[in-house]
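Below you'll find the structure, written out as structure tokens, and then a few comments.
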Amino acid sequence: ASVTLVIALVATYVFNLNRYLPMLCCIGTTLAGFVLSFFVGDYTNDNRAYIVKKKLKTGVPIELFGLLAVAAYGLAYTAIANGLQDAKLFIQQDMLKTVSVDVTVTIVGTIYFLSRCARLFSNMAFVHLYSRLRLKTGIFLICFETIAFGSMLLGIFITFLPIKILVMGAGYVMMVFCFDPIWHFTQQIFVIYAPKEQHQTLFSLMGMAY
């Protein structure tokens, strides 16, 4: 979250200097990551054969629990990811009709930077939020995400551009706020209710769900 916050702060300035620089920077960092991946080693020495439990502590079959949890996680993550993509397109499309490309990039970059600040804050606040709400954290995240989508849909029908940007920008920031807490909450559910030997499998399924 901290890295994306810095990128959001710098990207707009770099784009205004040269519109191809952000793309070249992305290509360079991708190639660097590809090269560094060859030097990553697995230091896991645990070769024990785990005994697979068929049911959770609550009596729910582990297969059913994993399927429902991963499906809910994948649905929420996909909804947020698609919502963020559509939000940027709607904002950019409406702004380009009245203002220049440079102004559009500056405003969108500002919204993106604020969303990364919200993401960083949500990561820091999740521990305190979960300690107070426990399993009700999921309800809070669903309600917050619903409000975010409502703001985005409301902004589509607003014709006055400044208010439109504020409403849709607020929805965008709120959606990013929910992004990481949903991941952490799902992991926490697995840790509490799934047997220890199933954690790595469930976490791998989370990575495949989105």
* To do: Taking only the stretch 33-50 into account, find how many residues are more than 26 Å from C117 (Cβ to Cβ) and at pLDDT 75 or above.
  => 5
* Test T186 against the stated conditions and say whether it is open to solvent by less than 70 Å² (accessible area, probe 1.4 Å), in a helix (DSSP H, G or I), of a type in the set (S, T, Y) and within 21 Å of Y73 (Cβ to Cβ). => yes
* Taking D102 as the residue in question, decide whether it is surrounded by 15 or more Cβ atoms within 10 Å (Cβ to Cβ) and either within 16 Å of the chain's Cα centre (by Cα) or acidic (D, E) (or both). => no
* Kindly establish whether C117 is part of a helix (DSSP H, G or I) and buried (at least 16 other Cβ atoms within 10 Å of the Cβ). => yes
* Which residue out of T12, T110, T78 is modelled with pLDDT under 85, farther than 23 Å from G207 by Cα and either among the aromatic types (F, W, Y) or touching a helix residue (DSSP H, G or I) at 6+ places or on another chain (Cβ under 9 Å) (or both)? -> T12
* Considering each of V127, V70 in turn, give the residue that is surrounded by 18 or more Cβ atoms within 10 Å (Cβ to Cβ) and either outside any helix (DSSP H, G or I) or not small (G, A, S) (or both). => V70
* Asked: Do the conditions hold for I163, that is, is it more than 21 Å from A79 (Cα to Cα), aliphatic (A, V, I, L, M), open to solvent by 30 Å² or more (accessible area, probe 1.4 Å) and not in a helix (DSSP H, G or I)?
  -> no
* To do: Six or more apart or on different chains, Cβ under 7 Å: which pairs go from a residue in the stretch 88-107 that's farther than 16 Å from R19 by Cα to one that's open to solvent by less than 70 Å² (accessible area, probe 1.4 Å) and part of a loop (DSSP other than H, G, I, E, B)? Could you list them?
  => none
* Kindly check whether there is at least one residue in the stretch 145-153 that is at pLDDT 90 or above, surrounded by fewer than 15 Cβ atoms within 10 Å (Cβ to Cβ), small (G, A, S) and in a helix (DSSP H, G or I). => yes
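The values are calculated or read from the model by the stated rules, or taken from the named source; none is laboratory data. Not measured: the values here are computed from a predicted model. We place every Cβ from the backbone using ideal geometry, glycine too, and count neighbours over all the protein chains shown. Ligands, DNA and RNA are stripped out before the accessible areas are found, and what is left, the full protein with its side chains, is counted by its heavy atoms. Shrake-Rupley method; radii C 1.70, N 1.55, O 1.52, S 1.80 Å.
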